[in-house]
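Input: a single structure, listed below in structure tokens.
The values are calculated or read from the model by the stated rules, or taken from the named source; none is laboratory data. Note that this is a predicted model, so its numbers are computed, not measured. Heads up, the Cβs are rebuilt from the backbone with ideal geometry, glycines too, and the neighbour counts pull from every protein chain shown.
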Amino acid sequence: MAKGSGTAPCSARAIVALMVVSVLVLQSYYVEASTYIVGDSLKWAFNAVDWPKGKHFNAGDVLVFNYNPSFHNVVVVDSGGYNSCKTPAGATTYTSGKDHLTLSKGQNFFICNFPGHCEGNMKIAVTAV
């Protein structure tokens with residue numbers, strides 16, 4: 001390359017182009033994240049178990065659980081806790097009544113562990129891709 005020509009070498013342009021594309025791809029991931037109100041207008045309540053059906057979830061999407069904290073909570077459990085309606089040791093419990101939980105890739109399980117609530121299908125299983 002001639003001195004003072006003002007043109008970057010091919011490899012430098014390729015690196016800059018790769019950096020720009022990488023930034024755009026990362027931004028598109030965050031732009032695509034969606035927020036879902038669990039239970040829609042019914043809120044987090046009994047018989048929520050079918051709420052995820054027909055919805056497509058991505059890792060990074062946010063589930064909003066709206067409920068009266070005097071009567072309900074949200075507990076993040078594993079598949080065993082979900083199926084048995086038992087809260088495993090170390091499970092995280094949310095009690096604000098307006099909980100915003102970000103989905104991880106794979107299966108995500110949530111229950112209400114107030115007596116009889118999970119058994120009343122106040123639980124959801126969400127798979128995020």
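If you filter segment 43-75 down to residues that are of a type in the set (Val, Ile, Thr) and surrounded by fewer than 17 Cβ atoms within 10 Å (Cβ to Cβ), you find that the one that is farthest from the chain's Cα centre (by Cα) is Val49.
Which strands (runs of 3 or more DSSP E) sit wholly inside segment 87-129 and have at least 2 residues that are in contact with a Ser or Thr (Cβ under 7 Å, 6 or more places away or on another chain) and among the acidic types (Asp, Glu)? Result: empty, no element qualifies. Residues being within 16 Å of Leu101 (Cβ to Cβ), at pLDDT 65 or above and of a type in the set (S, T, N, Q) are entirely absent from segment 36-49. Only residues that are exposed (fewer than 12 other Cβ atoms within 10 Å of the Cβ) and among the β-branched types (Val, Ile, Thr) were counted across segment 76-110, and they come to 1.
Beta carbons closer than 8 Å, at least 6 apart along the sequence or on distinct chains, pair a first residue in segment 45-70 that is in a loop (DSSP other than H, G, I, E, B) with a second that is hydroxyl-bearing (Ser, Thr, Tyr) and modelled with pLDDT under 95 for Gly60/Tyr29; Gly60/Tyr30. Only one of the numbered conditions (1) touching a Pro at 6+ places or on another chain (Cβ under 7 Å); (2) modelled with pLDDT under 95 is not met by Ala14, and that is (1).
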